[in-house]
1. Given the pairs Lys57/Lys160; Lys22/Lys47; Lys57/Lys162; Lys99/Lys218, which span a C-alpha to C-alpha distance of over 22 angstrom in this model?
2. With a point put 7 Å past each Cα toward its Cβ, work out how far Ile27 is from Thr148 in nm, to one decimal.
3. Heavy atoms only, probe 1.4 angstrom, no DNA, RNA or ligands counted: give me Tyr190, Tyr19 ranked by accessible area, highest first.
4. Full extension from Thr10 to Glu104: what is 0.36 nm times the residue separation minus their Cα-Cα distance, to one decimal in nm?
5. At a 1.4 Å probe radius, carbon and sulfur cover how many percent of the accessible area of the chain?
6. In nm, give the distance between the simple-model label positions of Asp202 and Asn132, each being 7 Å from the Cα along the Cα-to-Cβ direction.
7. Send over a whole-number figure in Å² for the accessible area per residue of the chain, probe 1.4 Å.
8. Using per-residue counts of other Cβ atoms within 10 Å, averaged over each peptide, order 96-102, 66-72, 238-244, 24-30 from highest down.
Amino acid sequence: NPVIQELEITDLITRCGLYGYKAKKLINDVRRHQAYTRNGVTGIERKHGWWEEVDRKAPVIPGWISTGCQYMIHSRGGVGKSATAAAIARAIGTGESMKIRGAEMPIEQGNVVWISNDQSDAQLLDLFQEQNIYPQDAPWLTLLNEWTSDLHDDLVEVIKRKKPKLVVMDSLSTVIQGDENKGEFADYIYQLARNNGDLGSDFGFPATAILWIHHDRKDGTDFRGSDRLANAVDEVWSLRKATR
């Protein structure tokens with residue numbers, strides 16, 4: 001429970017005299033310490049045999065989406081970002097085939113984890129049913145509610161247990177807290193990139209494809225936030241309504 005966690009860490013900070021610290025700062029320092037000491041006395045130098053702890057990239061939809069990669073899809077509201085993500089999720093969850101560059105590509109069936117912080121339950125259910133996803137008949141689909149980036153350990157546990165081919169983050173601004181116009185807002189996306197497929201890290205997880213849903217600026221020229229968001233993912237997809 002993140003509320004109890006923050007209260008207990010705040011109490012720990014007070015008892016230890018760590019004045020000026022906040023709960024999230026202390027958690028981040030612990031994570032940095034664990035990341036530094038994972039290699040033993042060598043610190044930043046990778047330990048011998050690290051390559052044996054890597055879950056390699058693999059195609060999910062050949063020629064388009066692979067595990068171990070992150071993608072961002074963005075547009076103005078109502079264009080169809082979530083519907084596109086749901087269609088991709090259904091194709092992976094049911095093992096459909098899909099045309100990629102004119103060639104019919106078989107999709108290896110796999111689990112999907114969907115994080116929904118952007119819609120009501122009624123909207124989410126309508127979205128799924130419009131894409132022929134019926135939760136009662138979709139054992140491949142796992143939904144997470146009220147998840148945010150400060151609960152990274154919970155996400156790692158779910159991914160290790162479900163081993164999804166795809167994780168959908170709906171949406172970026174509701175999952176990561178902070179000012180999306182500042183460069184550090186993208187730090188968590190970079191953290192996921194480092195942990196994706198790293199089986200030797202306390203914070204790593206089996207390789208999966210991560211799809212971030214994001215919104216455009218008011219003028220519709222580009223996605224909201226700094227350019228660092230685009231640099232943190234492998235591909236950025238801009239969705240537009242057809243003019244004809």
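The values are calculated or read from the model by the stated rules, or taken from the named source; none is laboratory data. Given the structure is predicted, the values throughout are model-derived calculations rather than measurements. Methodologically, a virtual Cβ is constructed for each residue, glycine included, from the backbone with ideal geometry; neighbour enumeration extends over all protein chains shown. SASA here: full protein model, heavy atoms, side chains in, ligands and nucleic acids out. Shrake-Rupley method; radii C 1.70, N 1.55, O 1.52, S 1.80 Å.
1. Values: Lys57/Lys160 16 Å; Lys22/Lys47 32 Å; Lys57/Lys162 17 Å; Lys99/Lys218 33 Å.
Correct reply: Lys22/Lys47; Lys99/Lys218.
2. Label at Ile27, label at Thr148, 0.9 nm between them.
3. Details: Tyr190 65, Tyr19 185 Å².
My answer, sorted largest first, is Tyr19, Tyr190.
4. 28.3 nm
5. Working: 6760 of 13700 Å².
Carbon and sulfur: 49 percent of the exposed surface of the chain.
6. With each label point 7 Å from Cα toward Cβ, the separation is 4.6 nm.
7. Numbers: 13700 Å² over 244 residues.
For the chain, the per-residue accessible area is 56 Å².
8. Values: 96-102: 11.0, 66-72: 20.6, 238-244: 8.3, 24-30: 13.6.
Ranking, from highest mean packing down: 66-72, 24-30, 96-102, 238-244.
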